Amino acid sequence: MSKALSVEVRDVHKFFTRGGERLDVLNGLSLDVPQQEFLALMGPSGSGKTTLLNLIAGLDTPSSGEIQVAGAVISQMSEAALATWRTRNIGFVFQFYHLLPVLSALENVELPLLLLPLSAKQRREQALNALDIVGLADRVHHRPGQLSGGQQQRVGIARAIVTDPAIIVADEPTGDLDAKSAEAILELLVQLKSSLGKSIVMVTHDPRAAQRADRTLHLDKGRLVESGMLEHA
Amino acid sequence: MKYLSLIFRNISRNRVRSILTALGTMVLVLVVTLVWSVLDFLQKATSEKNANIKAIVTEKWQFPSQMPFSYAGPLSEGGPREKGDYRVKPDDSMTWQFYGGSLVQDPKQRNPLENLFAFAMEPRKIMTMMDDLDDLPKRDPKAAEEFKKVIEKMEQTKNGLIVGKDRLKLLNKTVGDKFKIYSINYKGIDLDFEVVGVVPPGRYDGSVFMRRDYLLDGLDQYERNNKKKHPLAEKTLGLVWLRVPDQPTFQKVAKQITTNPAFSSPAVKVETSSSGIGAFLDAYRDLFWGMRYLLAPAIWVTLSLVISNAISISVRERRLEFAVLKVLGFRPGHILWMVLGEALLLGLSAGLLSAGATWYFVNKVMIGIKFPIAFFPAFFIPIDALWWGVMVGGVAALAGSLLPAWSARTVKVSDVFAKIA
């Protein structure tokens, strides 16, 4: 029996206009991501993988086509509606972490919870729990500048999962890390999928990172050019 | 609360810039507060009152007014002529004569700092009729009790002087000192004085009060010594002040004085103190207009631009951060209010701090701004300046941060991350 889908992308086109010239980035792309799948997106620069990730995360809207994520059709939502939707449904992991330097690890993780109707105590408990999941329970009061790159990325992941979203999107989460830290982050993502049941869509240039995913899709010039299911024990 | 904490932390992120912006705001709020304090004071002084009105009787065709002292008695009662005319109660009037002189006899050796210029009047009227002293019992009962004793001492001491603390310091005298004053305006009437007390701090710090009967005695003595009247003997009365309960009474008193033939040579005029001060200030009209409609708005615009510049730089530096917040679910409105909140917090705090410090420094340390105009030797910062300061800082911050905040609100996430990639 096939799993329910977390993400459904149907015949999506996306183009930008730069200097009066139209740039087609995605050309009729369709894609399904089942629940609890770890999907890697690979491709050369300009192939459209980050654009696709942004569309799935509701950071941008397609020029045409339909995108359904976590049961909601997000391709027609307004910017404000998408923002509200993202809070509960999407966790985003950045390549360069993008933590607020003036806030501690705990406060950075609490940030998305400010938008939810939670008490201060509930916010703190959820944020501490998220930091515990990523193995940073002993670094909660450290500011980003006092943490290593790998630790900052863990805080970034804790921030992504703190609202308990169904889907985590990660844009080259290991791109700024050394091999050891990168491996640890990938292991954490795999655990999030298997133990917390998250669906993960990850953009990466690194084939070793892609190997940790359940499936890898390759994009080129805005189209999927190859796909293969990788089974992992 | 957490949101406010985030705003506060963002302000403290670049402390040097925040402090410089706050200092700029404080300086400009200080200037606006000072300008508005003077304007507000004059506005109140020239606003017509409906009750408890003070009327001024002066010579109609000459400034400064020089009326004969024989006018003093009947004018102080409201100039009644016919049965049924309104009579001003004795306690509700006062007369002003002016006696100026120097501690130094030789006119060539005189230094303006050693001069004094005294209001010659009935001692008990100082506390019942002089502006800002007539309400002393309500404002400061303890100071009023002390001052009452000083007045009583003056009533017992014909050559007594009550001196403002600044003037006393300039004269280098203290209470109890006795000295001779060589007159400047009443030539030949040099008088011995004894300082019997000091005026409560405030509006009359530079003023001096003497008894009017002592001046009149001096005029009589001059006549006895010189077998002729002093040239100013029939021109000694400067102003007569009358307190009337309301506008209709004022109109009636004004009419009965101006139509009374006893006051026709010289002719007199009656006006409210507000309109009298207003007429005096008319010469400064352009200056006040410029302060109100050019200086204050120009400062406000400058303040807004200073804040706008600082917030714009901050927003440009934090575009990525706003994009990240949007990714986390912050809506454009949240970003807008966060930037506006930072500017407002900075502007309101700096405004309150500046106005509070100005109020304390001017009123408690400087004891007023020395801006001598229209019998007002010093101006004080009203307590209202606290909310003026908050409003000036807040409105300037809001105006200055609107565009930068809108720019932050419209940050497009995909554009910001595309540039990073």
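The values are calculated or read from the model by the stated rules, or taken from the named source; none is laboratory data. Just so you know, these numbers come straight off a predicted model, no measurement behind them. Every residue, glycine as well, gets a Cβ built from its backbone with ideal geometry; the counts of neighbours run over all protein chains shown.
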Considering only helices (runs of 4 or more DSSP H) wholly within region B:1-87, the ones with at least 3 residues that are among the basic types (Lys, Arg) are B:2-13, B:15-46
Quick one: would you say B:Lys173 is closer than 17 Å to B:Trp96 by Cα, touching a residue at least 12 places away in the same chain (Cβ under 8 Å) and among the basic types (Lys, Arg)?
no
Helices (runs of 4 or more DSSP H) wholly inside region A:27-143 that include at least 2 residues being touching a strand residue (DSSP E or B) at 6+ places or on another chain (Cβ under 9 Å)
A:49-56, A:79-89
Looking at A:Leu99, A:Leu128, A:Leu116, which is the one that is out of contact with any helix residue (DSSP H, G or I) (no Cβ under 6 Å at 6 or more places or on another chain) and at the interface with another protein chain (Cβ under 10 Å from one of its Cβ atoms)?
A:Leu116
Residue, nearest to the other protein chains (Cβ to nearest Cβ), within region A:52-61, restricted to residues that are touching a residue at least 60 places away in the same chain (Cβ under 8 Å) and closer than 17 Å to A:Leu224 by Cβ
A:Leu53
Given the criterion more than 33 Å from the chain's Cα centre (by Cα) and closer than 13 Å to B:Gly78 by Cβ, identify the matching residue among B:Thr249, B:Thr259.
B:Thr259
Return yes when A:Gly20 is under 24 Å from B:Val411 (Cβ atoms) and away from every other protein chain (no Cβ under 14 Å) and no when it is not.
yes
Among (1) at pLDDT below 80; (2) within 14 Å of chain A (Cβ to nearest Cβ), which single condition is B:Ser18 missing?
(1)
Considering only region A:62-88, state which residues are of a type in the set (Ser, Thr, Tyr) and more than 13 Å from chain B (Cβ to nearest Cβ).
A:Ser64, A:Ser75
For region A:72-92, which positions are closer than 16 Å to B:Lys412 by Cα, charged (D, E, K, R) and touching a Leu at 6+ places or on another chain (Cβ under 9 Å)?
A:Arg86
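In region A:163-177, which residue that is of a type in the set (Asp, Glu) and surrounded by 21 or more Cβ atoms within 10 Å (Cβ to Cβ) is nearest to the chain's Cα centre (by Cα)?
Initial filter on region A:163-177 (of a type in the set (Asp, Glu)): A:164, A:171-172, A:176.
From what's left, surrounded by 21 or more Cβ atoms within 10 Å (Cβ to Cβ): A:171-172.
Values: A:Asp171: 6, A:Glu172: 9 Å.
My answer is A:Asp171.
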Under 6 Å between Cβ atoms, which residue pairs at least 6 apart in sequence (or on different chains) link something in region A:208-225 that is assigned to a helix (DSSP H, G or I) with a partner that is surrounded by 15 or more Cβ atoms within 10 Å (Cβ to Cβ)?
A:Ala209/A:Thr174; A:Ala209/A:Leu186; A:Ala210/A:Ala40; A:Ala210/A:Met42; A:Ala210/A:Thr204; A:Ala210/A:Thr216
Output for Cβ contacts, cut-off 7 Å, separation at least six or different chains, first residue more than 7 Å from chain A (Cβ to nearest Cβ) and of a type outside the set (A, V, I, L, M, F, W, C) in region B:318-345, second part of a loop (DSSP other than H, G, I, E, B) and surrounded by fewer than 21 Cβ atoms within 10 Å (Cβ to Cβ), reads B:Arg319/B:Val411
For region B:381-392, which positions are surrounded by 19 or more Cβ atoms within 10 Å (Cβ to Cβ) and modelled with pLDDT under 90?
B:Ile381, B:Ala385, B:Trp388, B:Gly389, B:Val392
Of the residues B:Glu321, B:Glu271, which single one is within 30 Å of B:Arg212 (Cβ to Cβ) and charged (D, E, K, R)?
B:Glu271
Which of the residues that make up region A:62-76 are over 18 Å from A:Gly48 (Cβ atoms) and not hydrophobic (A, V, I, L, M, F, W, C)?
A:Gln68, A:Gly71, A:Gln76
Residues that are modelled with pLDDT under 90, over 22 Å from the mean Cα position of the chain (by Cα) and among the hydrophobic types (A, V, I, L, M, F, W, C): does region B:140-162 have at least one?
no
Name the one entry in A:Arg154, A:Arg139, A:Arg159 that is more than 13 Å from chain B (Cβ to nearest Cβ), farther than 25 Å from A:Pro44 by Cα and surrounded by 22 or more Cβ atoms within 10 Å (Cβ to Cβ).
A:Arg154
Which of the residues belonging to region B:394-421 are part of a loop (DSSP other than H, G, I, E, B) and modelled with pLDDT under 80?
B:Ala421
Candidates B:Pro123, B:Pro107, B:Pro80, B:Pro74, filtered to the one that is surrounded by 12 or more Cβ atoms within 10 Å (Cβ to Cβ), farther than 23 Å from B:Phe280 by Cβ and at pLDDT below 90
B:Pro80
Taking region B:162-187, which residues are touching a Ser or Thr at 6+ places or on another chain (Cβ under 8 Å) and small (Gly, Ala, Ser)?
B:Gly164
Might you let me know whether region A:217-233 holds any residue that is of a type in the set (Val, Ile, Thr) and modelled with pLDDT of 85 or more?
no
Check off (1) over 18 Å from A:Val7 (Cα atoms); (2) touching a Ser or Thr at 6+ places or on another chain (Cβ under 8 Å); (3) more than 10 Å from chain B (Cβ to nearest Cβ) for A:Gly43 and give me the number that stays unchecked.
(2)
Which one of these does B:Gln62 not meet: (1) loosely packed, with under 15 Cβ neighbours inside 10 Å; (2) within 14 Å of chain A (Cβ to nearest Cβ)?
(2)
